[in-house]
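One structure is given below, encoded as structure tokens.
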Amino acid sequence: MQNRRNLLRYKFFKLIALVIATALFVMLVWRPVTAEQRNSVSYLRGRYNDEFFERHNRAFRTAASLHFSHAKQHDVLLLTPFARHEEVDAGFNQESVDFANNPPQTEPTQEYYAPYTSRALWKVLRTIDWTHMLHEQTYDIMSDRDIAWKDKGQWLERSVRYYLDKELSGVPRSLAPLDVTMRRAAVMMKPYFTLFRNYYPQSNNFFYAAHWWHPVPYEAMMLGGNGAGQDTTVNQVNDVFYAQVLKDRPQRMVLSREMMPRYARLSPESANIFDNLHMLHGITYDILSYEGWNLEQKKAEVYRVIKAMSYQPGDEKLARKFSEPRPEHDPRDYSDWVKSSDGEMSRIMMEMMSEMMPMMMPEGMSSEMEEKMMAQFKMKMTPGIQEGELPGSLHDAMMAMMPEMKMMPEAMEPGQTPTMMVDMMLQGWQEKYGNLPDIEPISMDSDPSSSPLPNQSSMN
């Protein structure tokens, strides 16, 4: 009996100790996280639903495998210290390649692959899933033989409108080209910018390969038409991805206007939306790589960027404000210019840097310093660490070279926008491109029945 009483006392005091320990943990460690209302809506019903899955299942599965990597990368960066970046980068790159080579049969939401991020940064995953919904709708429309070629555009417009109007969480990406939305976001002088591409280059370049792949099925469909030619061209670009692109990856984020010039003229709104999502991936990975902020600060910054690059009234007028460097490009030709670190994204960032410098260096700089600065900038834009590259982010490198550089306080704070810098860059864009004629729509009067493979030697 005495032993039983002693056992009960022991259990009672153990329970009291557990309660006290839990209370101390709550007071000292845990911080309340603001709950987010997870309102959402489903996809738009149409005759074309699941047509991409049914007709181009191999390509559908490739897309699903790439979305796995995009989702899980968030959790990888959240749960592993930056000091382990080399081994983490190599390990996750290999996992992504293995998953691409053995793709899933179907695709769950991002939350399935990134449960921690789902709890900490839900709006990030909702933004991705909602834009993937538009991807699936537009793939389906282009895949559907029963939608006449001349009617594709109006069905695409219907899906884009639904994407913009029906999402309750305020996460649709902008219709404006990246030239505008990158200036709105003003991330280049934030303390995290370029960390992911410089210190996780294998994983970064896997996503550059993924960003090559996502536009090219659209262009394959534009080349193949509604009939059997489409099945051929979509299979061909999938072959190029596995045989060439995944093994010899692009050194920059390629844009829709580069990889699907015909489709970008047919539906510039969805083309720009997809570019804006792809850029959001890279910025988010940069933020999650940065160890100078805690989770709440990172959340504030990611959500600021989501808002800055989201749809805003009037973006419709900007949707066609871009030019195409190679309007006849065929994505089945994986040429050297596609792989290069030079391209539309690099041009946009170079312009932004030139627009920012007068504000950061109001007294000017010598031509020698400007040359060194731009050389360092180009290194930072290139994945990995180059010989002679300064450590850290782009901001770290610029400050090391020019310690007298004037930074706006908001540029260093999470969740804060350097509005004067944004205004200066948007003014710079307006001066250069405000009068740029809208890119011409593409004629859909004739359904292309087939398209021969390009002559590789003549297109390099």
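Just so it is clear, none of the values below were taken in a lab; they were calculated from the coordinates. This is a predicted model, so every value here is computed, not measured. Note that we place each Cβ from the backbone using ideal geometry, even for glycine, and neighbour counts take in every protein chain shown.
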Subject >> Residues of type aspartates and glutamates that Lys150 reaches as a straight line, Cα spacing below 14 Å, ignoring anything fewer than 8 places off in the same chain >> reply: Asp445, Asp447
Original post:
What shape does the range 237-277 have by the C-alpha gyration tensor, where a ≥ b ≥ c are the square roots of the eigenvalues, rounded means a/c under 1.5, and otherwise prolate means a/b greater than b/c and oblate the rest?
Top reply: prolate
**OP:** Once you have the Cα-Cα distance between Asn294 and Lys378, take 0.36 nm times their residue separation minus that, and quote the gain in nm to one decimal.
**Re:** 27.3 nm
Subject >> Nearest-0.05 FRET efficiency for Met369 and Glu111, computed from C-beta distance (R0 51 Å) >> reply: 0.60
**OP:** At 0.36 nm per residue, minus the direct Cα-Cα distance, what do Leu79 and Leu168 gain on full extension? Give it in nm, one decimal, please.
**Re:** 29.1 nm
Original post:
Tell me which lysines have Cα within less than 28 Å of Lys339's Cα, excluding those fewer than 8 residues away on the same chain?
Top reply: Lys72, Lys190, Lys247, Lys321, Lys372, Lys378, Lys380, Lys432
Subject >> Per-residue Cβ neighbour rank within 10 angstrom, fewest leading, Tyr208, Tyr218, Tyr116, Tyr303 >> reply: Tyr116, Tyr303, Tyr208, Tyr218
Original post:
Between Glu431 and Glu328, 0.36 nm times their residue separation minus their Cα-Cα distance comes to what?
Top reply: 34.3 nm
**OP:** Could you give the DSSP H helices of the chain that reach 15 angstrom or more along their long axis (alpha carbon positions) and whose average Kyte-Doolittle hydropathy is no lower than 0.5?
**Re:** 2-28
**OP:** Work out from phi, with θ = phi - 60° and the Karplus expression 6.51 cos²θ - 1.76 cosθ + 1.60, the ³J(HN,Hα) of each residue of the range 323-339, listed in order in whole Hz, and give x for Gly and Pro.
**Re:** 10, 10, x, 9, x, 9, 4, 10, x, 6, 9, 8, 7, 4, 5, 5, 6
Original post:
What residues from the range 216-250 fall in the zone where the backbone N is under 16 Å from a label point 7 Å along the Cα-to-C-beta line of Ser446?
Top reply: 222-227
Original post:
Label points 7 Å out from Cα along the Cβ direction at Arg161 and Ser354: separation in nm?
Top reply: 4.0
Original post:
What label, among (i) 93, 64, 41; (ii) 65, 57, 48; (iii) 86, 74, 37, belongs to Cα extents along the principal axes in Å computed from the structure on display?
Top reply: (i)
Original post:
By counting other Cβ atoms within 10 Å of each Cβ, how are Ser367, Ser96, Ser270, Ser40 ranked from fewest to most?
Top reply: Ser367, Ser40, Ser96, Ser270
Original post:
For the residues Glu371, Glu95, Glu167, what sequence is obtained by ranking on other C-beta atoms within 10 Å, fewest first?
Top reply: Glu371, Glu95, Glu167
Subject >> C-alpha center-to-center spacing [the range 213-255, the range 328-395] in angstrom >> reply: 28
Original post:
If amide H atoms are built 1.01 Å from N in the plane of the peptide, which residues on other chains or at least 5 residues away come under 5 Å of the amide H of Arg173?
Top reply: Tyr311
